[in-house]
Structures are given as structure tokens and as C-alpha cells.
Amino acid sequence: MTNNHNILVIIPVLNEETTITGVIKSLQSYNLNNIRVVDNGSTDNSIIKAKEAGAEVICEPIPGYGRACWRGLQQLDRDINWILFCDGDGSDDLSYLPQFLAARNKYDLILGNRRATVNGRKAMTPVQNFGNWLATFLIGWGWGHSYQDLGPLRLIRRSALDEIQMQDRGFGWTVEMQARAIECGLRVCEIPVGYRRRQGGRSKISGTLSGSVQAGTIILMTLGRLYLRRLKLTQADGTIARSVEEKIGKSVGSVGSMGSVGSVGSLGGVGRGND
């Protein structure tokens with residue numbers, strides 16, 4: 001079996017004592033043993049269960065999916081080259097991981113596409129399906145890349161993550177990563193994956209209408225912020241490019257004038273000397 005010692009798995013957790021052990025054991029069956037569980041304020045036995053299963057556990061007291069992911073990225077060992085993100089509620093079908101691992105030699109960001117499988121689409125709520133469609137449509141419109149999903153199961157090269165420079169600390173984490181990946185020119189692929197309804201705990205996002213609306217609003221705001229930033233950079237680059245072109249044009253014109261006078265004078269002088 002392939003040695004995956006250079007991969008760190010990060011699992012944000014909130015009250016998932018009934019599922020976290022199974023998730024960790026499943027990861028370990030694929031020789032993924034560097035597992036870091038980030039507890040985001042659990043009041044059950046999630047921390048105890050995760051430690052008993054063999055994972056490292058750290059705590060992030062401030063609520064937020066992105067904040068938990070960001071906390072998990074702190075103080076990485078130098079030999080870690082890849083980061084795998086997955087959920088702790090048992091919804092991710094980890095049997096597709098061999099395909100993720102095999103794609104590392106060709107891609108920088110490998111995403112699980114739940115909407116590409118029948119059971120994946122069925123397991124997602126109507127709100128999730130619509131939200132994913134809308135967000136990926138907007139990314140396609142604003143960035144010119146056609147994503148299919150914003151799923152939690154994703155494997156990213158550490159150097160690529162450093163280049164992206166993630167800023168979001170909430171529900172906008174996944175969409176920011178995917179939009180910025182396009183801007184950074186990363187090699188990206190989506191792999192069809194199975195998906196299940198969460199096996200334990202309660203989702204703060206898709207579990208309630210208000211949570212879904214809140215998450216959707218944050219995702220749209222994140223995309224809007226990123227798009228405005230992109231426009232400003234594009235306009236700034238255009239201004240700089242025009243300025244450079246003008247300076248080059250003036251320089252070429254000056255050199256051309258000097259070269260033309262110098263050439264005539266030199267040739268004239270040579271002609272007169274020969275005479």
C-alpha cells in the first residue's frame with residue numbers, strides 16, 4: 001500500500017461523537033494516519049472519541065467552518081505536502097479516495113463532485129443542490145471555469161494552498177478556494193463521488209432554512225467580494241499595461257529619432273571623408 005505520510009487530513013467537527021470514529025477508521029484503512037480533528041465547540045464526546053481512534057485533536061473555540069479549517073492548517077510538519085479536507089459526520093463516501101490519491105501527479109486541487117452521481121444528488125437537499133448550482137454558475141460567469149460542486153471532500157497541494165492565501169473563515173471557505181484556484185492557474189479536476197445524508201449530529205447549514213439562507217448569503221457575498229477584487233486587479237493591470245506601452249512607445253520613438261539622425265550623420269561623414 002502506498003505510503004501517504006506526506007498527507008494531512010483535516011476534519012472540522014461539531015458534536016459528531018456517533019460518526020467520528022468510523023470516519024477516522026475509514027481514513028486509516030487507506031493508510032492515511034496523519035489525521036487532525038479540529039473541534040469547533042462540541043458539547044458531546046467528539047474529542048474523546050477522536051483521540052481514542054488515533055487522531056490528533058486541536059480546538060477552535062470561535063465558530064465557523066473556515067475558521068476550523070484554517071486552525072487545522074497551523075503548525076504543519078515540514079514533510080506535509082498535501083492536505084485532505086473531509087467532514088466528520090459520515091456523509092463523505094471515502095471509498096473514492098484511491099482516485100484522489102492517484103490524481104496527485106497531474107493536479108494541484110482535486111475535488112469531489114457529489115452532483116455527478118445519482119446517490120450524491122439524492123442525498124443532497126434541494127437547498128444544497130440549488131445553492132451549489134447557483135454558486136458554480138456564478139463562478140463560471142465570473143471566472144470562466146465550469147465547476148459542478150462545492151463539496152467538502154477535497155485534496156490540495158500544500159504549495160497551492162499557500163499560493164491561494166485563504167482569507168475566508170466561514171461558510172465561504174470552499175467557494176473562495178475554488179475561485180482563487182482559477183486565478184492562480186492551478187490544475188484542477190473534479191472526481192464523481194458518492195454522498196450520504198449526514199450520519200450523526202445536526203448541520204448548522206443545511207439542517208435549517210435559516211442556516212441555509214445564512215450560508216447562501218455568505219457564499220454569494222464571498223463571490224461578490226472576490227469578483228470585485230478580480231475586477232480591480234484587472235483594471236489595475238490594464239492601467240499599468242497601458243502606462244508601460246506608452247513609455248515603451250515613447251522610448252522607441254526617441255531611439256528611432258536618434259538612430260535616424262545618427263545614421264544619416266555618420267553616413268554623411270563617411271561619404272564626405274571618402275570624397
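Check the stretch 160-168 and report whether any residue there is closer than 30 Å to D79 by Cα, surrounded by 22 or more Cβ atoms within 10 Å (Cβ to Cβ) and modelled with pLDDT of 95 or more. Checking the stretch 160-168: not a single residue is closer than 30 Å to D79 by Cα, surrounded by 22 or more Cβ atoms within 10 Å (Cβ to Cβ) and modelled with pLDDT of 95 or more. Flag: P152 matches the condition of being at pLDDT 90 or above and either closer than 30 Å to D44 by Cβ or aliphatic (A, V, I, L, M) (or both).
For the stretch 173-223, residues that are part of a loop (DSSP other than H, G, I, E, B) and modelled with pLDDT under 90 total 12. Only residues that are under 13 Å from C86 (Cα atoms) and aromatic (F, W, Y) were counted across the stretch 14-35, and they come to 0.
With within 16 Å of R157 (Cα to Cα), surrounded by 15 or more Cβ atoms within 10 Å (Cβ to Cβ) and modelled with pLDDT of 95 or more as the only criterion, which of L84, L94 stands out?
Values: L94 fails: within 16 Å of R157 (Cα to Cα).
Testing whether each residue is within 16 Å of R157 (Cα to Cα), surrounded by 15 or more Cβ atoms within 10 Å (Cβ to Cβ) and modelled with pLDDT of 95 or more leaves just L84.
Inside the stretch 143-153, can you point out the residues that are of a type in the set (F, W, Y), open to solvent by 10 Å² or more (accessible area, probe 1.4 Å) and under 19 Å from Y195 (Cα atoms)? Scanning the stretch 143-153 gives no hits. The condition of being open to solvent by less than 70 Å² (accessible area, probe 1.4 Å) and outside any loop (DSSP other than H, G, I, E, B) does not hold for L32. The set of residues in the stretch 99-142 that are part of a helix (DSSP H, G or I), closer than 19 Å to T2 by Cα and open to solvent by less than 60 Å² (accessible area, probe 1.4 Å) comprises F100, L101, A103, R104. Taken over the stretch 5-25, the criterion of being open to solvent by 40 Å² or more (accessible area, probe 1.4 Å) and either assigned to a strand (DSSP E or B) or not acidic (D, E) (or both) is satisfied by H5, L14, N15, T18, T21, G22, K25.
The values are calculated or read from the model by the stated rules, or taken from the named source; none is laboratory data. Not measured: the values here are computed from a predicted model. Cβ coordinates were reconstructed from backbone atoms using ideal geometry, including for glycine residues, and neighbour counts include every protein chain displayed. The area values use the complete protein model at the heavy-atom level, side chains included, leaving out ligands, DNA and RNA. Shrake-Rupley method; radii C 1.70, N 1.55, O 1.52, S 1.80 Å.
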